[in-house]
Amino acid sequence: MTTIEQMLSDWMRDAFQRTLPEITEGWGTVAVVVTTSAEFGDYQCNQSMGFAKLLKRNPRQIAEAVIKHAAPLEAMAKLEIAGPGFINITLNQEWLASRVDEAGRDLHCGTPQIGAGKTVILDYSSPNVAKPMHIGHIRSTVIGNALDRLHRFLGYRVISDNHLGDWGTQFGIMIMGYRHYADPVALEAEPVEELERVYVKSYERSKQDETWLSQARQELVKLQTGDPDNRRLWQQFVELSLKEFGHIYKRLDVTFDLVRGESYYNDRLAGVVQTLLDQGLARESDGALVAFLDDEKLPPCIVKKTDGGFNYATTDLATIQSRISEFNPSKIVYVTDERQQNHFRQVFAVARKLGCKTHLEHVWFGLMRLPEGTFSTRQGNVIKLEKYLDEAEARALAVVKESSPEMPEARQKDIARAAGIGAVKYTDLSQNPQSLVTFTWEKALALDGNSAPYLQYAYARIASVQDKYRDLYPKTDLETYPIRLGEPIERVLAIMILRFPETVLRATESYKPSVLADYLYELASAYSTFYQNVPFIKAPEGVRESRVRLCTVVAKILRQGLNLLGIETPDRI
RNA sequence: GCGCCUGUAGCCUAAUGGACAAGGCAUCUGACUUCGGAUCAGAAGAUUACAGGUUCGACUCCUGUCAGGCGCGCCA
């Protein structure tokens, strides 16, 4: 299966090549794109202007010649030239209807399986052990998970890996804090909260108390050299943290294929540094071992500290090495906040010097802030993720109770959960990840307008149309009626349906789930117009069945699309 | 100081170098004795931070300025 955009682009390129044989290169730029406005048809090609410049010819004449040379195409209803030389394509009505029919039957709604046979590793979420997840973790988790689902949908073999921060120097401080300050009762009730509390307390003390600090360092060394007591403590921190993270991942419907913390790669660190030394890629500088990079703009990358310890760059290099040898991926994708851009540029540069051929991609997103400034533990304005999700569900529940007071409470809660969590996810997925985000409750948990509940609502209404139809016509086989696109809005819907595959591809290739979210909103919006203005159950036979079938395909796309974003689609809302 | 990123109606956000800059919130008008009103139809709201440049064509690319964010060898 190929997308319409792809098919039309190939066809158009062929027409251009026959028209302008004197041009020998640059054919890759010939492409057909969705029109900017419906008045220009369905798809457009802007290439005439580009070649006109090159050949010093009139772009409209080129466009006319191209149309003459174009091979006949079943899908085509109309080819027109407009403005300075745009070639506008209008698709054939019957052909559209048959493609909608096909998309409705296809397992992937017509999306090509471009990932078949390829492996991709997705590294996202990655919270630190012994610290509760806060609102800053939501973006990596939600965006990473959407990319995860998108890749799987395209046929990739995906290995999602939660690369926990479980091996830093903070564990010396942590162990000291735990031994001296931990409250067994609090530890029982809210383990990770308590771990964070004792960590902060121990950290504060280490800043004033030299003895404390050096004891912490010793505890760290003991841990890293395998001291059984410290090892057991550390193990406990990890387990407690994982248990609590697990609750959140369950609420967010996020699962990982691997949960390997930094500690997993500990044994490989020395080897990585040795390789760098052997290959002359790292050398001693101010007592540390440093890899210098060719790019002037990148600072050198420290791979071994003066105290002999390794740092996160070393770990990431070892991780890459390990992942490649174990999984042989075609790419590795990291989803983190913007602050790590330099770090990954460094690591990728060193990895390539070491001969890494795997495509390495850092997908970064803007930090979340408050209107009054940054989140910080010290100011105590950090919002815990658990609380954020609770608030989202509570707000949604209030709306459900208002609009469906007769509904059983358990049901109300289910819907509130789907809508609340959906809203939270949609907030992060519907905008360009790289923009700066200023957090407000009102914005993050909006339930109207361009939001998850709007899409869920559209879906639920379709589900109810289908139910109603089955009640009224239990014996009719819908499939025996053809899809017909009579009303303009039906045609709009058909075109929207057929754009799903190319949208999924673009969202994945640009690592922007927002591209898909945008599309789904437009689709739901078109559907709402259709729903509100065109009768279907009440339409005459034939038209009625065609419209119900169209609804079914829209429902399928909405469901699939929202699923790719990790957003539930309840049948009632 | 250097580097990376961001600047689009009152607010929040769209727009693979293409046609008149697209939506949502808030505001104002309309639409339920008819398939679900968390909806729909419509109105109003913009010198795309500023100044240059490249281009047939710039929110988009280049240069400079201003404002904000983030980062700048031994924390991850």
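Any idea which of A:Tyr511, A:Tyr531 is of a type outside the set (S, T, N, Q) and touching a strand residue (DSSP E or B) at 6+ places or on another chain (Cβ under 7 Å)?
Working: A:Tyr531 fails: touching a strand residue (DSSP E or B) at 6+ places or on another chain (Cβ under 7 Å).
One residue alone meets the criteria, A:Tyr511.
Take the residues of region A:559-572 that are within 16 Å of RNA strand B (Cβ to nearest atom) and surrounded by fewer than 22 Cβ atoms within 10 Å (Cβ to Cβ): which is farthest from A:Ala458 (Cα to Cα)?
A:Glu568
Being more than 9 Å from RNA strand B (Cβ to nearest atom), in a helix (DSSP H, G or I) and within 28 Å of the chain's Cα centre (by Cα) narrows it down to one residue among A:Tyr459, A:Tyr426; which is it?
Numbers: A:Tyr459 fails: more than 9 Å from RNA strand B (Cβ to nearest atom).
Every option except A:Tyr426 fails the conditions.
Could you tell me which numbered condition A:Asp448 fails, if it satisfies all but one of (1) closer than 24 Å to A:Leu252 by Cα; (2) out of contact with any helix residue (DSSP H, G or I) (no Cβ under 6 Å at 6 or more places or on another chain); (3) assigned to a helix (DSSP H, G or I)?
Result: A:Asp448 fails condition (3) only.
A:Ala65 passes all but one of (1) touching a residue at least 40 places away in the same chain (Cβ under 8 Å); (2) closer than 30 Å to A:Phe365 by Cβ; (3) of a type in the set (A, V, I, L, M, F, W, C); which number fails?
A:Ala65 satisfies all of (1) touching a residue at least 40 places away in the same chain (Cβ under 8 Å); (2) closer than 30 Å to A:Phe365 by Cβ; (3) of a type in the set (A, V, I, L, M, F, W, C) except (2).
Does A:Glu490 satisfy the condition of being assigned to a helix (DSSP H, G or I), more than 8 Å from RNA strand B (Cβ to nearest atom) and either surrounded by fewer than 22 Cβ atoms within 10 Å (Cβ to Cβ) or over 26 Å from the mean Cα position of the chain (by Cα) (or both)? Even if it seems obvious, please write down each step before you answer.
Working: assigned to a helix (DSSP H, G or I): yes; more than 8 Å from RNA strand B (Cβ to nearest atom): yes; either surrounded by fewer than 22 Cβ atoms within 10 Å (Cβ to Cβ) or over 26 Å from the mean Cα position of the chain (by Cα) (or both): yes.
The answer is yes for A:Glu490.
Out of the residues in region A:106-127 meeting the condition of being assigned to a strand (DSSP E or B) and more than 16 Å from RNA strand B (Cβ to nearest atom), tell me which one is farthest from A:Gly144 (Cα to Cα). Step through it out loud before you land on a result.
Restricting attention to region A:106-127, the residues satisfying the condition of being assigned to a strand (DSSP E or B) are A:119-123.
Adding the requirement that they be more than 16 Å from RNA strand B (Cβ to nearest atom) leaves A:119-122.
Details: A:Thr119: 16, A:Val120: 12, A:Ile121: 11, A:Leu122: 7 Å.
Of everything passing the filter in region A:106-127, A:Thr119 is farthest from A:Gly144 (Cα to Cα).
Run down A:Val399, A:Val347, A:Val333 and say which single residue is assigned to a strand (DSSP E or B) and in contact (Cβ under 8 Å) with a residue 24 or more places away in the chain. Even if it seems obvious, please write down each step before you answer.
Values: A:Val399 fails: assigned to a strand (DSSP E or B); A:Val347 fails: assigned to a strand (DSSP E or B).
The match here is A:Val333.
The rows are residues; the columns are (1) in a loop (DSSP other than H, G, I, E, B); (2) at pLDDT below 95; (3) surrounded by fewer than 21 Cβ atoms within 10 Å (Cβ to Cβ).
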| site | (1), (2), (3) |
| --- | --- |
| A:Ser48 | no, yes, no |
| A:Ala52 | no, yes, yes |
| A:Arg57 | yes, yes, yes |
| A:Glu74 | yes, yes, yes |
| A:Lys78 | no, yes, yes |
| A:Ile87 | no, no, no |
| A:Leu96 | no, no, no |
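State which residue pairs qualify: first residue within 7 Å of RNA strand B (Cβ to nearest atom) and inside region A:529-551, second residue assigned to a helix (DSSP H, G or I) and among the acidic types (Asp, Glu) in any location, beta carbons under 8 Å apart, and separation of 6 or more residues or different chains.
A:Val534/A:Glu490
Filter region A:429-445 down to residues that are hydrophobic (A, V, I, L, M, F, W, C) and either within 6 Å of RNA strand B (Cβ to nearest atom) or assigned to a helix (DSSP H, G or I) (or both) and give me whichever is nearest to A:Ala526 (Cα to Cα).
First pass over region A:429-445, keeping only residues hydrophobic (A, V, I, L, M, F, W, C): A:429, A:436-437, A:439, A:441, A:444-445.
Add one more test, that the residue is either within 6 Å of RNA strand B (Cβ to nearest atom) or assigned to a helix (DSSP H, G or I) (or both), and what stays is A:429, A:436-437, A:441, A:444.
Details: A:Leu429: 20, A:Leu436: 30, A:Val437: 28, A:Trp441: 29, A:Ala444: 24 Å.
Per the criteria, the residue is A:Leu429.
The values are calculated or read from the model by the stated rules, or taken from the named source; none is laboratory data. On a predicted model such as this, the values are computed, not experimentally measured, just so you know. Every residue, glycine among them, receives a Cβ derived from its backbone with ideal geometry; neighbour counts consider all protein chains shown.
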